[in-house]
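The values are calculated or read from the model by the stated rules, or taken from the named source; none is laboratory data. What you see is a predicted model; the values in this text were computed from it and never measured. Please note: Cβ atoms are built from the backbone with ideal geometry, for glycine as well, and neighbour counts cover all protein chains shown.
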């Protein structure tokens, strides 16, 4: 394929990745509570970062293996660390009792620590028990 | 065409950075502000990725700084306690 065609495809991929970042920003503004807001930038930003990296390599006309390696390293780092850091942040928020949206289903996680331990001991939580078949 | 698409993607990144800053300003809790600032630094990393000659040191350093900052904020703002530990 010609060089201009590759640049055009790269620009389109970059635009798609930038739109994923816009989805992350709109999700931060629109979703009802912290625990749903946390998932929007995590998913959208990792996929958007991948699209932007591939698109920028194609857009600026290759440049050899070093450019691919640098951008792949950066994308790999972001895709590894972004879920971990958001998980740590949300766990801290759950320990401090940040309120959940009223429509949340499942076991409560924003209770005080003793309450969650009591729920786990009494076995009335919704998590799978070891004797659960399947 | 290609240059216009490139400028449009930079403009979309700038718009999303602006929306994230609005959320960090309005934020309902300090965890919200931390999440918004982490997302903002990732938007800046994506903008650095789009530039013609990538400053790999700046981009990797910013991504690393966002990771460490968010993990430490989550740990210490949660007073070092996690619900299931």
Item to complete: Among the numbered conditions (1) at the interface with chain B (Cβ under 7 Å from one of its Cβ atoms); (2) at pLDDT 80 or above; (3) buried (at least 19 other Cβ atoms within 10 Å of the Cβ), tell me where residue A:98 comes up short.
Response: (2)
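Within the bounds of region A:68-88, is there any residue that is assigned to a loop (DSSP other than H, G, I, E, B), more than 7 Å from chain B (Cβ to nearest Cβ) and either within 14 Å of the chain's Cα centre (by Cα) or closer than 20 Å to residue B:20 by Cβ (or both)?
No, that holds for no residue.
Determine which member of the set B:56, B:20 is closer than 30 Å to residue A:61 by Cα, crowded, with 17+ Cβ neighbours inside 10 Å and in contact with a helix residue (DSSP H, G or I) (Cβ under 7 Å, 6 or more places away or on another chain).
Sole residue among the options that is closer than 30 Å to residue A:61 by Cα, crowded, with 17+ Cβ neighbours inside 10 Å and in contact with a helix residue (DSSP H, G or I) (Cβ under 7 Å, 6 or more places away or on another chain): B:56.
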Discussion item. When the residues of region A:52-66 are narrowed to those that are within 7 Å of chain B (Cβ to nearest Cβ) and over 19 Å from the mean Cα position of the chain (by Cα), which ends up nearest to residue A:38 (Cα to Cα)?
Written reply: A:56
Worksheet item: Quick one: is residue B:3 within 26 Å of residue A:68 (Cβ to Cβ) and more than 7 Å from every other protein chain (Cβ to nearest Cβ)?
Response: yes
Item to complete: Could you please let me know if residue A:22 is facing chain B (nearest Cβ under 10 Å), assigned to a helix (DSSP H, G or I), out of contact with any strand residue (DSSP E or B) (no Cβ under 9 Å at 6 or more places or on another chain) and under 12 Å from residue B:12 (Cα atoms)?
Response: yes
Worksheet item: Exactly one of (1) closer than 28 Å to residue B:79 by Cβ; (2) surrounded by 19 or more Cβ atoms within 10 Å (Cβ to Cβ); (3) touching a residue at least 40 places away in the same chain (Cβ under 8 Å) is unmet by residue A:85. Its number?
Response: (3)
Item to complete: Quick one: residue A:109 ticks every box in (1) at pLDDT below 90; (2) at the interface with another protein chain (Cβ under 7 Å from one of its Cβ atoms); (3) assigned to a helix (DSSP H, G or I) except a single one, so which number is it?
Response: (3)
